[in-house]
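Worksheet: one structure, shown below.
Bear in mind that the values in this text are calculations on the coordinates, not laboratory data. Just so we're clear, the structure is a prediction, and the values are computed from it rather than from any experiment. Cβ: placed from backbone, ideal geometry, glycine included. Neighbour counts: every protein chain shown.
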Amino acid sequence: MPIQLIAMDLDGTLLKDDHMTVSQRNREALRRAAEKGVQLVLASGRTWVHLESVAVQVPFTQYALLSNGAAARNLHTDERLFTFHFPWEAFGKLLSLLHRYDAVFETYCDGHSYLERRVTGRFDNKGLPSAFIDRLKASLTIVDNLEETLQGHVIEKVNVFSMPEENYEPLLSALHQTDLFEISSAIIGNMEINFKGVNKGAGLEKLCNKLGIAPENVMAFGDATNDLDMLRYAGWSFAMANAGAQVKEAARYETASNEEDGMAQAIERFIL
């Protein structure tokens, strides 16, 4: 069946290891695929404020799935296509657990990323390049109280950026015990938390239904656990060579690493 849509993760997949740059070969392959009528979708754990700098590098991309599929955006019209609801009561329970385990976290809401002022000095992750962290910091909205600021707004996702190492497993266990959340990870040391049932696979399915595109006509690329449901949905699913074993098991195919333009290699072979 012909491939009509490409959904691509960013970190460890489309982007180089600096978490910021789309290579020339990847850009060219995507441009040529778009010229052939293939719809392009950035499928990221990031919200819009952290994704915009990537989108400008691939201006022929039509759509973005944000915050692990919690929302979708038409990049050419700036229209928000849908948002999955994160119940306020569940968000309150989540905040209580995150404070208990001393987590440093961003809250994604309406395309922005909010961080409480009290933890700004601890917003760091030793597994990420400092230039990338500086870019993230520049796009944060700093607030004194998250609950007061975001009351009545639509929550997309919570991204735990760092925490004391000894608290990671206890927090993970406590979150699982609530049976309220989808928990995944895209980079070392982080924890991405969506409301139960919200993931890249669900978001991609909702978008494809709107576009009238069947799963067997979808190509998807990913490398981390937040890509698992998307890879299971797509008929043409590719794990990057740098992906973990669980991701490779979920995908139907494997391609070269993000540093070797694995995405472009697969697009050139199967579409171009």
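With R₀ set to 25 Å, the beta-carbon distance separating residue 249 from residue 178 gives a calculated FRET efficiency near 0.40.
Defining a contact as two alpha carbons under 8 Å apart and six or more residues distant in sequence, what relative contact order in percent does region 5-50 show?
Relative contact order here is 52 percent.
From most to least packed by mean Cβ count within 10 Å, the peptides 223-229, 194-200 give 223-229, 194-200. State the label only: which of [x] 30, 19, 18; [y] 36, 21, 17; [z] 40, 28, 16 corresponds to semi-axes √(5λ) of the Cα gyration tensor in Å computed from the shown model? Answer label, from the structure shown: [x]. Electrostatic bookkeeping for residue 259 treats Lys and Arg as +1 and Asp and Glu as -1; over the other residues with beta carbon under 13 Å from its beta carbon, the sum is -4.
Taking a straight line from the alpha carbon of residue 126, these aspartates and glutamates sit under 15 Å away, with near neighbours fewer than eight places off in the same chain left out: 17, 18, 134, 165. For the chain, the relative contact order works out to 23 percent when only alpha carbon pairs closer than 8 Å and six or more residues apart are counted.
So which chymotrypsin sites (Phe, Trp or Tyr not before Pro) in region 1-92 are both in a DSSP loop and have at most 15 other Cβ atoms within 10 Å of their Cβ? Of the chymotrypsin sites (Phe, Trp or Tyr not before Pro), the ones in loops of region 1-92 whose Cβ has at most 15 other Cβ atoms within 10 Å are 60.
Projecting the Cα atoms of 258, 24, 5 onto the dipole axis of the chain, where Lys and Arg carry +1 and Asp and Glu carry -1 at the beta carbon, places 5 farthest toward the positive end. How high is the FRET efficiency from residue 78 to residue 270, r the C-beta distance, R0 25 Å, rounded to 0.05? Approximately 0.20, to the nearest 0.05. For residue 234, the shell of other residues with beta-carbons less than 12 Å away shows a net charge of -2, using +1 for Lys and Arg and -1 for Asp and Glu.
Applying 1/(1 + (r/R0)^6) with R0 = 25 Å to the Cβ-Cβ distance of residue 257 and residue 185 gives a FRET efficiency near 0.85.
Projecting the Cα atoms of 65, 158, 195 onto the charge dipole of the chain (Cβ charges, centred on the Cα centre) puts 65 farthest toward the positive pole.
Compute, for the chain, the length of the dipole vector about the Cα centre, with Cβ point charges of +1 (Lys, Arg) and -1 (Asp, Glu) only. Units Debye, rounded to 20.
About 580 debye.
Against the main long axis of the alpha-carbon atoms of the chain, helix 24-35 sits at an angle near 70°.
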